[in-house]
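Please read the structure below before turning to the comments.
The values are calculated or read from the model by the stated rules, or taken from the named source; none is laboratory data. What you see is a predicted model, and the numbers here were worked out from it, not measured in a lab. Glycine gets a Cβ as well: all are built from the backbone with ideal geometry, and neighbour counts include every protein chain shown. SASA here: full protein model, heavy atoms, side chains in, ligands and nucleic acids out. Shrake-Rupley method; radii C 1.70, N 1.55, O 1.52, S 1.80 Å.
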Amino acid sequence: MLTLLVTVGLVFVFLVGAVVVAVARTVLPTPTETESTSTPESAGTAATASPSQSLEQAQDALAARPMPAVPESAARPGPVSTRDPGPSIVLPAATHIGPAGVPTGFPQTPEGALAQLAAIDQAAVQSASLDGAREVISAWAAPGGPTTSSWSVVAAVGRLLEAAGLSGGGSAQLAVVLTPLMGLIKGVVGSDFVVPCIDFELDVTLEQTARGAAADCQRMVWRTDRWLIGPGDEPAVPPSVWPGTDRAISVGYRDLRRG
């Protein structure tokens, strides 16, 4: 299910006058260690429909396939690994700005789908407001896709604002930066359906800065000339792991590099 920005068990520390208030909140849903795990996926995994499967069934099966589960603590900053995660995933550059101020123009490739999802998530989360997140999904969901009330990112932004003690409109004092650092291609079905997964660093500042990991997988579909978040249930929850750690490499994430 999934869902975006996948969780983080972040501890936000805010200084209010002389009082330090520690607010430990889950920003996005995180799988537990008792949930099903799967083998780490390699970039570009193809999921072809069997004779008894329709394309839609193949897409649903790919999206629902469980991801590795990690403890909530894995989202917190940790030691950088010296292991080689393998070749980086090269993200193509955007060519122009699309609806809701989201960069677009990415090619019809798995890497293009991943780059588009990163741009969508960044625009929604960094708006640091419910209106901003809703504007993004209104412009970037295909018919039958997530809505302004169902999209996991809207819920995540709401929880973030609640944890910060803010209203849905956010605050000029709140700064949110979402940086895509690692990722994987969970799989593809044909040339117009991709499930990319991204492991972000999430930095939230309100007088002080808190950091954690947040991950997201989405169904990306090619429509006319751009990637959109497609119809159907959001994919299985991906692991939110601090980028660059041994655990991040072990679950299958690879470094992202701008092309």
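Below, the figures for the structure above:
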read-out: Segment 57-66 - phi-based ³J(HN,Hα) in whole Hz, Karplus 6.51/-1.76/1.60, Gly and Pro as x; value: 5, 5, 5, 5, 5, 5, 4, 7, 4, x
read-out: Amide H contacts under 5 Å for L91, placed H, 5+ residues apart; value: R257, R258, G259
read-out: Backbone HN-Hα couplings from phi across segment 103-119 [Karplus 6.51/-1.76/1.60, Hz, Gly and Pro as x]; value: x, 8, x, 7, x, 7, 9, x, 5, x, 5, 5, 5, 5, 4, 4, 5
read-out: Inter-label distance, nm, simple model (7 Å from Cα along the C-beta direction), Q108/A94; value: 2.2
read-out: Bridge type composition, segment 101-254 - antiparallel percent by DSSP, nearest 5; value: 95
read-out: Fraction of accessible area attributable to carbon and sulfur, segment 112-258 (%, probe 1.4 Å); value: 45
read-out: Within segment 141-172, backbone nitrogen closer than 20 Å to the virtual label 7 Å beyond the Cα of D203 toward Cβ; value: 157, 160-161, 164, 171-172
read-out: Hz values of 3J(HN,Hα) by residue in segment 166-172 - Karplus curve (6.51, -1.76, 1.60), Gly and Pro given as x; value: 10, 7, x, x, x, 7, 5
read-out: Segments 73-85, 219-231, 113-125 sorted - mean Cβ within 10 Å per residue, highest first; value: 113-125, 219-231, 73-85
read-out: Positive-end extreme of charge dipole, segment 106-259 - chosen from F106, V188, S250 (charges on Cβ); value: V188
